[in-house]
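Shown next, in structure tokens, is the structure this report addresses.
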Amino acid sequence: MINELKEECRSSLRCCGARKIDDIRYAHMKYPKLLSMMDFYVDRYEIEGFGLVMSMHTKSKMGMELLTMSFMPNGLTLPYLLIDAMEMKKKRCVFIEYYGCGYEGLSEDKLRDVYEKYKDLEDYEEKENWYIRERRDYSLIKKGDEKQLIEMTKDSLKAYLDSIKDGSYDEDYKRKLMDFRDRMINEGNPSSRTLEMLLKKQGAIDFMKEVVMGFPDVI
């Protein structure tokens, strides 16, 4: 599932004219460095008129694979999109997480349409955390059939990227996105423990600011 989703992400980004950012610092990271148990493969892109995108593929020697895709609008009035997918043995789940960061007036009609299509898939039960309460109500946190999860992700990506043309730039929204990024760093996020293990505390902060939730020419 993960490889198919990764290729779908690349295809979608090519279709919308995304430019790949070459950055050897984070392209392939290992933990531990000498006898790797986990490998992290990171790709970064810039979409003109939108902002930055990150894709991180994690492979574990225990057989678990993760894919994280982060879509950070540079003040364009689309929600911040975080996609997390996981497969291990027979377990499959995908999180399509939308965050409005306290801003009203987002371009979200197409995203709600996708929610209506997939809302009846089986929910994945999460542990309570602060960021869960910040999600838009059309987020999809699902588990189960691999084919359905792949289709859900493909439709979500298409709807999101198609919505770029519906958005407009708002400096106030960009400030709210930056504030939300600070909260994800200071209050914790799903990757906090892993990133600190991999990059130490300051390295994890820099990675969040520059790569996961970066803005063009802003750190």
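Placing +1 on each Lys and Arg Cβ and -1 on each Asp and Glu Cβ, with no other charges, gives the chain a dipole about its Cα centre of roughly 900 debye.
Distant-in-sequence amide contacts of Gly51, defined by a placed amide H-H separation under 5 Å and a gap of 5 or more residues or a different chain, comprise Asn74. Working from Cα pairs under 8 Å separated by at least six residues, relative contact order for region 2-212 is 18 percent. Per-residue Cβ neighbour counts within 10 Å put Met178, Met86, Met69 in the sequence Met178, Met86, Met69, beginning with the fewest. Neighbour counts of C-beta atoms inside 10 Å place Phe180, Phe71 in the sequence Phe180, Phe71, starting with the fewest. Among the GluC sites (Glu not before Pro) within region 28-75, those in coil by DSSP and having at most 15 neighbouring Cβ atoms inside 10 Å are Glu48.
Between Ile205 and Lys59, the distance separating the two model label sites (each 7 Å from Cα on the Cα→Cβ line) works out to 3.3 nm.
FRET efficiency for the Ile24 to Glu48 pair, using the beta carbon distance and R₀ = 30 Å, is estimated at 0.80.
Here, each number is a calculation from the coordinates, and none is a lab measurement. All values derive from a computational prediction rather than experimental measurement. Methodologically, a virtual Cβ is constructed for each residue, glycine included, from the backbone with ideal geometry; neighbour enumeration extends over all protein chains shown.
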